[in-house]
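The values are calculated or read from the model by the stated rules, or taken from the named source; none is laboratory data. Since the structure is predicted, the reported quantities are computational estimates derived from the model, not experimental observations. Note: ideal-geometry Cβ built from the backbone for every residue, glycine included; neighbour counts use all protein chains shown. Areas reflect the complete protein model, heavy atoms only, side chains present, ligands, DNA and RNA absent. Shrake-Rupley method; radii C 1.70, N 1.55, O 1.52, S 1.80 Å.
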Amino acid sequence: MKQQFSLLPKIAALSIAAAFAAPAMAQTAGSNVVNLGWFHFTPQDSSEGLTKSNGPGAGYFPNSHSSVGNADTVGIAFTHFFTDNIAMTADLGLPPKFKLTGQGDLGALGELGTAKQWSPAIVAKYFFGDATSKFRPFVGAGVTYVWYSDVKLSSTFQNRAALNTGAAGGTASASLSSSWAPVLNAGATYNFNDRWSMSLSVSYIPLKTDADITGNPGGAAAALGPQRYKTSITLDPVVSFLSVGYKF
């Protein structure tokens, strides 16, 4: 009996050592992972010329373009693993603010305006390796719905759109169309342990929006009525997401 009791501490020590030696089950079927990090948007942008549909100078202006700058924002992602390799991710985040700058005939105006972009996405992913792997590359594809808010035009562009050559009261406003767009995704996750991980992913979103601009002249030019403009902007952003993940 005394010999049996003396063996118990040894058995317990071996059990603890075996537990620590076993590989961590980082991402298995049924796992949920939340990631918090930084989204960086890099538009691969271009724009069509500006079309004025009515009023003085109506016509097509092929050299009136704009460019869209980079943007950053805080992002969050929720991932559910249906199997050890197949998962679904919902990407969310604070809407980044993009700045539009004049190009070509609009270059002298500088900044044309700003807009916030909302683009929540659902992405199906395939993770390579197995649940015990520390480093797990993945590929994915999904869809996003994109819309815009807080679209604001600069005073210099408003003056141009409203035919406001010094007359007080001229204003202009703009709206950007919303749309569905595909998402192509690739990246990798490094699992520090069973709970914590770090991920880096890169997504490409083929995306185009139509801009409708309405200028309201001031002063004597107000009699001309609203001035209508249209253009299309191709964004095609490359979106990187660097984040820290926690499994629960």
Residue-averaged 222 nm ellipticity for the chain, from DSSP H runs of 4+ at -39500 (n - 2.57), nearest 500: -3500 deg cm²/dmol
Relative contact order (%) - segment 175-245, alpha-carbon pairs under 8 angstrom, separation at least six: 36 percent
Proportion of all alpha-carbon pairs of segment 147-236 beyond 23 Å (%): 49 percent
Chymotrypsin sites (Phe, Trp or Tyr not before Pro) within segment 105-174, DSSP loop, no more than 15 other Cβ atoms inside 10 Å: Phe128
Chain lengthening between Glu111 and Lys134 when straightened (0.36 nm per residue, less Cα-Cα): 3.7 nm
Overall Cα dimensions of segment 26-110 - principal axes, largest extent first, Å: 64, 22, 19
Ser178-Leu242 FRET efficiency (beta carbon distance; Förster radius 30 Å; 0.05 resolution): 0.65
Rounded to the nearest 10 Å², the accessible area of Leu176 at probe 1.4 Å: 40 Å²
Apportionment of accessible area to carbon and sulfur, the chain, percent (1.4 Å): 65 percent
Charge-dipole axis of the chain as Lys and Arg at +1 and Asp and Glu at -1 on Cβ define it, positive-most pick from Thr51, Pro226, Phe138: Phe138
Separation of the Leu92 and Asn54 label points, Cα + 7 Å toward Cβ, nm: 4.2 nm
Heavy-atom surface of the chain, accessible at 1.4 Å and reported per residue (Å²): 52 Å²
Dimensions (Å) - segment 90-211, Cα atoms, principal axes, largest first: 70, 25, 25
Mean Cβ count within 10 Å, highest first, over the residues of peptides 55-67, 76-88: 76-88, 55-67
Amide proton proximity set for Gln103, modelled H, under 5 Å, gap of 5+: His65, Ser66, Ser67
Contact order relative to length of segment 132-205, as percent, for alpha carbon pairs under 8 angstrom and 6 or more apart: 39 percent
Euclidean distance of C-alpha centroids, segment 200-242 and segment 49-119, integer Å: 8 Å
Cα convex hull of the chain - mean projected area over all directions, nm²: 16.8 nm²
Lysines with Cα under 28 Å of Lys134, excluding same-chain neighbours fewer than 8 positions away: Lys125, Lys247
Where the Cα pairs of segment 26-70 fall when distances are cut into 10 Å bins, in %: 20, 22, 18, 15, 12, 10, 2
